[in-house]
Amino acid sequence: MMRKLTAALALLSLPVLALAADAVGATEKQATNWHAIIMFCVFVALTMGITYWAASRTKSTADFYTAGGGITGFQNGLAIAGDYMSAATLLGLTAMVYTQGYDGYIYMLCFFAGWPIILFLMAERLRNLGRFTFSDITAYRLDQGKVRTMAAISSLTVVCFYLIAQMVGAGQLIKLLFGLDYNVAIFAVGILMMVYVTFGGMVATTWVQIIKAVMLLSGGTLVMILAMSQFGFSFTTLMEKATAVHKLGDKLMYPGALLKDPVTAISLGLGLMFGTAGLPHILMRFFTVTDAKEARKSVLYASGFVAYFFNVIFLMGLAGILIVGQNPEFFEGGTVGGKLIGGGNMVAMHLAKAVGGNMLLGFLAAVAFATILAVVSGLALAGASAISHDIYARVIKKGQASEAAEIRVSKIATICLGFVAIILGILFEKQNIAFMVGLAFGVAAAANFPVLILSMYWKGLTTRGALVGGYSGLVSAVLFVLFSKSVWVDVLGNKAALFPYTQPALFAMPIAFILAYIFSKTDSSVRAREEVEAFEDQYVRAQTGFGAAAASSH
Amino acid sequence: MSSAMYERMRANPKFQELVARRGRFAWTLAFVVLAMFYGFVMVVAFAPASLGQPVSEGSKLTVGVAAELFMFIFFWVLTAVYVRRANSEFDSLTQEIVKEAWKEQK
């Protein structure tokens with residue numbers, strides 16, 4: 001049944017693409033780009049093949065959630081890079097450098113700086129203590145039911161925020177390439193993602209991410225090299241010309257509008273750094289490797305790829321100022337400085353077309369599409385595992401659920417999440433997607449990270465402290481975002497924001513930490529004393545990896 | 001059974017040594033990264049203009065770009081340093097601890 005369905009869906013996607021091409025033919029603005037269409041089809045066919053293969057290898061819950069724990073450090077490093085460098089990275093950050101210059105580069109350093117910290121303080125403990133989800137660690141010696149419920153709720157919140165960014169990127173991209181209706185594009189992405197995750201689980205998701213990371217790194221590098229060749233590979237020439245034509249002038253290389261007050265800058269730095277360490281789909285990747293050694297290597301490779309690619313993006317954005325920003329072909333109505341065709345996030349795509357023609361545009365578009373699918377699949381899997389492994393198997397069934405039932409629940413959860421993603425994508429069409437990711441990070445930093453790090457490092461953490469800390473971090477981060485300008489004014493249409501800053505981390509993180517501390521310290525129950533005592537064994541396991549979940553045979 | 005194993009490992013002086021050595025190393029590196037990164041964020045927050053200055057007279061490379069590029073490279077080098085030491089020295093120490101705990105059980 002599974003095989004038939006996969007095949008049927010693979011066939012189904014072809015007429016959709018053909019239809020898309022027709023739609024483009026009807027509007028004059030965008031010519032049918034057969035290169036892009038063919039590369040899209042090749043990618044979809046390839047990933048469907050992988051999913052078909054992965055489905056035959058996905059039998060147990062360990063296969064489904066963590067690919068049996070047999071991924072190598074290098075593979076996982078690529079997959080983490082593939083999971084982490086989203087459409088928001090490629091499209092949103094290139095666009096941010098294009099419009100704001102140096103601000104975009106600051107954002108990228110913030111996105112990167114969390115990685116060394118994850119390695120030094122978290123990677124080996126995550127691998128030694130966790131099995132399928134990061135709640136395995138937070139609930140290790142605490143009340144399973146309550147702590148897992150909390151962790152699952154905050155994971156799902158992060159997943160939803162992140163999904164919004166990905167879906168909006170997908171909609172804009174496919175709209176531009178095929179002239180497809182935005183909503184139809186969103187549905188296509190949502191459905192493809194459901195197929196990958198439900199049939200292929202973590203095996204398919206990992207390989208989609210690896211292929212996508214290789215495509216992204218090579219595609220981005222090619223665009224960057226072709227663009228830089230127009231400036232004789234000289235950063236000085238590029239900067240001279242860019243500052244001469246950009247409306248910010250010399251201010252292009254100054255921290256600017258996005259970080260105009262110190263509170264926003266610090267809050268952003270905190271949110272992006274510790275948010276990385278609290279993203280459920282990233283944390284989940286640490287359970288797919290054999291042991292702590294491979295977990296460390298994963299971070300080494302992943303952070304190398306991420307650091308390299310951010311610098312590529314920086315150059316792409318700067319080159320875009322001249323190559324895209326000075327070319328009337330890319331503006332609506334042909335007015336330079338007006339609205340970019342396809343919206344502000346399309347700088348990277350226009351740049352690819354300008355330096356490499358339709359062939360390169362097609363390739364980069366396929367890359368971006370693959371990117372979205374890979375990240376969305378990782379998110380869906382993380383969200384589904386929170387629902388099936390944490391809530392269904394451990395909270396509702398108290399660990400008594402059969403593997404088959406647990407996998408079935410996670411597949412149903414994936415499909416539900418797919419529809420949630422579709423709905424959210426439609427609701428948030430007009431938001432800047434890089435900004436949206438910042439919000440997801442803020443929630444991850446305030447809701448997931450404090451409880452996770454305290455559970456690993458502080459023996460005094462009790463169930464009561466973890467619950468109060470986790471929920472307060474989650475609620476405060478969400479409320480700060482809700483009352484900030486980006487949702488309260490821009491989405492809900494109110495006149496003035498109730499919370500003056502757009503980044504919640506600086507305020508929500510201390511709330512979570514302080515409340516977790518106070519409510520643990522004042523917890524004098526018998527249970528709390530046992531939980532504190534249980535830390536000793538957990539500590540030895542965290543340090544040595546003895547008793548950690550091992551890789552399954554294949 | 002497991003708990004007894006953990007108890008023996010904890011009692012092994014090598015365990016204390018592992019924890020102390022790795023802890024000191026990891027926290028030192030983490031401190032370097034945190035100090036540099038938040039030092040940089042403070043400059044962004046309170047003295048943004050200084051980042052826009054050229055590194056030298058007439059250069060198009062600004063202090064901010066140079067500092068960030070340095071951090072991208074330096075932080076990655078630190079991860080390599082940590083992985084190298086953890087995957088050799090700390091891991092073999094860990095293996096000894098586990099092996100000795102097994103031996104005691106017999």
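The values are calculated or read from the model by the stated rules, or taken from the named source; none is laboratory data. This one's a predicted model, so the numbers in the text were calculated from it and none came from an experiment. Don't worry about glycine lacking a Cβ; one is built from the backbone with ideal geometry, like all the others, and counts go over all protein chains shown. Each accessible area value is taken on the protein alone, full model and side chains, heavy atoms only, with ligands, DNA and RNA left out. Shrake-Rupley method; radii C 1.70, N 1.55, O 1.52, S 1.80 Å.
Tell me, please, whether a residue that is of a type outside the set (Gly, Ala, Ser), within 11 Å of chain B (Cβ to nearest Cβ) and under 30 Å from A:Val395 (Cα atoms) can be found in segment A:104-121.
yes
Here is a yes/no grid of residues against (1) under 21 Å from A:Ala365 (Cα atoms); (2) aromatic (Phe, Trp, Tyr); (3) in contact (Cβ under 8 Å) with a residue 40 or more places away in the chain:
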{"site": "A:Thr47", "(1), (2), (3)": "yes, no, yes"}
{"site": "A:Ser56", "(1), (2), (3)": "no, no, no"}
{"site": "A:Ser60", "(1), (2), (3)": "no, no, yes"}
{"site": "A:Asp63", "(1), (2), (3)": "no, no, yes"}
{"site": "A:Gly68", "(1), (2), (3)": "no, no, yes"}
{"site": "A:Thr72", "(1), (2), (3)": "no, no, yes"}
{"site": "A:Gly77", "(1), (2), (3)": "no, no, yes"}
{"site": "A:Ala81", "(1), (2), (3)": "yes, no, yes"}
{"site": "A:Tyr84", "(1), (2), (3)": "yes, yes, yes"}
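Among the residues of segment A:390-409, which ones are of a type in the set (Val, Ile, Thr) and closer than 13 Å to A:Ala139 by Cα?
A:Ile391, A:Val395
Checking the conditions here, which among A:Gly362, A:Gly343, A:Gly356, A:Gly325 is modelled with pLDDT of 90 or more and either over 15 Å from A:Met224 (Cα atoms) or open to solvent by less than 10 Å² (accessible area, probe 1.4 Å) (or both)?
A:Gly325
Say whether the condition of being assigned to a helix (DSSP H, G or I), among the aromatic types (Phe, Trp, Tyr), more than 10 Å from chain A (Cβ to nearest Cβ) and open to solvent by 40 Å² or more (accessible area, probe 1.4 Å) is met by at least one residue in segment B:51-74.
For segment B:51-74, residues assigned to a helix (DSSP H, G or I), among the aromatic types (Phe, Trp, Tyr), more than 10 Å from chain A (Cβ to nearest Cβ) and open to solvent by 40 Å² or more (accessible area, probe 1.4 Å): present.
Out of all the residues in segment A:261-292, which are within 9 Å of chain B (Cβ to nearest Cβ) and out of contact with any Lys or Arg (no Cβ under 7 Å at 6 or more places or on another chain)?
Answer for segment A:261-292, where residues must be within 9 Å of chain B (Cβ to nearest Cβ) and out of contact with any Lys or Arg (no Cβ under 7 Å at 6 or more places or on another chain): A:Asp261, A:Pro262, A:Val263, A:Thr264, A:Ala265, A:Ile266, A:Leu268, A:Gly269, A:Leu270, A:Met273.
Report yes if B:Ala20 is within 16 Å of the chain's Cα centre (by Cα) and under 30 Å from B:Met9 (Cβ atoms), otherwise no.
yes
Residue-by-condition table, conditions (1) open to solvent by 40 Å² or more (accessible area, probe 1.4 Å); (2) touching a Ser or Thr at 6+ places or on another chain (Cβ under 9 Å); (3) at pLDDT below 90; (4) away from every other protein chain (no Cβ under 14 Å):
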residue	(1), (2), (3), (4)
A:Asp181	yes, no, yes, yes
A:Met194	no, yes, no, yes
A:Val197	no, yes, no, yes
A:Ser218	yes, no, no, yes
A:Leu222	yes, no, no, yes
A:Ser229	yes, no, no, yes
A:Ser234	no, no, no, no
A:Leu248	yes, yes, yes, no
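Could you check, for segment A:154-165, whether at least one of its residues is part of a helix (DSSP H, G or I), among the hydrophobic types (A, V, I, L, M, F, W, C), in contact (Cβ under 8 Å) with a residue 12 or more places away in the chain and closer than 22 Å to A:Lys353 by Cα?
The answer is no, given that none of the residues of segment A:154-165 is part of a helix (DSSP H, G or I), among the hydrophobic types (A, V, I, L, M, F, W, C), in contact (Cβ under 8 Å) with a residue 12 or more places away in the chain and closer than 22 Å to A:Lys353 by Cα.
If you check A:Lys212 against the conditions, is it under 13 Å from A:Leu373 (Cβ atoms) and among the charged types (D, E, K, R)?
Yes: the conditions hold for A:Lys212.
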